[in-house]
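The next block holds one structure in the form of structure tokens; read it before the comments.
The values are calculated or read from the model by the stated rules, or taken from the named source; none is laboratory data. Predicted, not measured: the structure shown is a model, and the values here were computed from it. Here the Cβ is made from the backbone with ideal geometry for all residues, glycine too, and neighbour counts use every protein chain on show.
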Amino acid sequence: MRILEITQPQPHQPTSEVVTALAVHSSAIRQQITGSNDLSFSTQQLTEDMLGAHGRVRLFACVNDDAQELEGTQRLGDILPGSIPAGQEDPTVALDVLGWAELHLPASQDADQPAWIDITISANIYPMPGDPTSTHVRDVVETLLDTVGAYWEGPLVANTFATPGLAPKRSVIGRILYDYGFELERLDTVAYLPLNTAPRQKPLPAGFAATHSHATGDNRIDVTVSGHSSWARCTIIRPANAPGTSALAHIDTFEASPCVIIAAIRESLHLAHTTWPELTRIYSDDANVITAMRQTDPSLSIAPIASRGLWRRPGHLTHPTRTTIAITPTAARREKQPLIAR
């Protein structure tokens, strides 16, 4: 195995195959876990997120070089292009990528601010439900984590995505994070609300007021309900690049009681259904949203489809047994990132 860094995609250039494959394989794993492609994301969304980070994202690929020639990597100095200028060949097409690591550096100069990492395993080697994590998969994840540790010595935050009800330490990546000194900080349930019919609209309680925000053609709805010196704002967003039959919901509150939150959810669900009648599901991993959805209308059922674990590592990332890591010479010579934050 070999680690190669991927440069940031450039605007108005086609993304390279190694970046496109990251979106494809991540979406395939999410579909395997949830049984739906609603939570998939596109290559365009991935590149827009990277460009919006203004150079604070480092992207690495773990490549299988045992049985293939890494065409173009010597010419590129072990750095793979994130995008390909018009008329040029893509040297990443022939690569057998085993996994990716995204390292999102903090924007703040505060050394206590963590960087965020996201590890994606190739869908070609990702274990099927019920299968144990192979040594090969574990080696891929550990190699990617070792690479991250060579670039960043500050605190780290990572997410894991697994089937609902599975113990976090038994997830494919969760067990390895635990061995690296990560601690589970929070476990959220990802669930959806079937929206085949409009939720029952009820009058707001006395003393409550609601404000709606939605522009024609916009993919976002904001509903704020205020009352008793508190407020709750529910936001429902449809994927901008591929609006379909699903949307995502989260809620912000200020000293809001459960009845204020429930009223905000009820108002936003009704507005979403009337604005986008084709919607059939609204997803959320926000505990306040899910709890309020359960109480909004007893006839509507909530379906858990995944669990999301938030892991935190306070200090230097160190493998429990390894003392050295093997990365490409170019990556090894690169200066470590300062303790800044994204």
I need a count of the residues in the range 16-54 that are closer than 26 Å to T163 by Cα and part of a loop (DSSP other than H, G, I, E, B). 8
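The rows are residues; the columns are (1) small (G, A, S); (2) within 13 Å of the chain's Cα centre (by Cα).
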residue: T34; (1), (2): no, no
residue: Q44; (1), (2): no, no
residue: D49; (1), (2): no, yes
residue: H54; (1), (2): no, no
residue: V57; (1), (2): no, no
residue: A61; (1), (2): yes, no
So, first residue under 17 Å from Y192 (Cβ atoms) and modelled with pLDDT of 80 or more in the range 238-253, second residue of a type in the set (S, T, Y) and outside any strand (DSSP E or B), Cβ within less than 6 Å, six or more apart or across chains; the pairs are T245/T280
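Residue-wise test of (1) at pLDDT 90 or above; (2) surrounded by 19 or more Cβ atoms within 10 Å (Cβ to Cβ).
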| residue | (1), (2) |
| --- | --- |
| H12 | no, no |
| A23 | yes, yes |
| R30 | yes, yes |
| S40 | no, no |
| T47 | no, yes |
Test W152 against the stated conditions and say whether it is surrounded by 20 or more Cβ atoms within 10 Å (Cβ to Cβ), in the same structural domain as E185 (by TED's automatic domain parsing) and at pLDDT 95 or above. no
Can you tell me which residues in the range 106-122 are of a type in the set (A, V, I, L, M) and either crowded, with 22+ Cβ neighbours inside 10 Å or within 22 Å of G165 (Cα to Cα) (or both)? A115, I117, I119, I121
Considering only residues that are closer than 15 Å to A101 by Cα, among the small types (G, A, S) and touching a residue at least 60 places away in the same chain (Cβ under 8 Å), which ones fall in the range 1-53? A21, S26
Name the residue, out of G207, G227, G174, that is within 23 Å of the chain's Cα centre (by Cα) and of a type in the set (G, A, S). G174
R170 passes all but one of (1) surrounded by 17 or more Cβ atoms within 10 Å (Cβ to Cβ); (2) without any contact (Cβ under 8 Å) to a residue 40 or more places away in the chain; which number fails? (1)
Please give the strands (runs of 3 or more DSSP E) falling wholly within the range 76-164 in which 3 or more residues are within 18 Å of T20 (Cβ to Cβ). 97-104, 115-121
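Condition check ((1) buried (at least 19 other Cβ atoms within 10 Å of the Cβ); (2) modelled with pLDDT under 90; (3) closer than 22 Å to L46 by Cβ) across all residues:
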position: N219; (1), (2), (3): no, yes, yes
position: D222; (1), (2), (3): no, no, no
position: G227; (1), (2), (3): yes, yes, no
position: C259; (1), (2), (3): no, yes, no
position: I265; (1), (2), (3): yes, yes, no
position: S299; (1), (2), (3): no, yes, no
position: R312; (1), (2), (3): no, no, no
For the range 126-149, give me the residue count where each residue is out of contact with any Gly (no Cβ under 6 Å at 6 or more places or on another chain), closer than 18 Å to R2 by Cα, crowded, with 16+ Cβ neighbours inside 10 Å and not charged (D, E, K, R). 7
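Go through L177, L166 for me and flag whichever is at pLDDT below 90 and not assigned by TED's automatic domain parsing to the domain that holds D285.
Details: L177 fails: at pLDDT below 90.
Residue meeting the stated conditions: L166.
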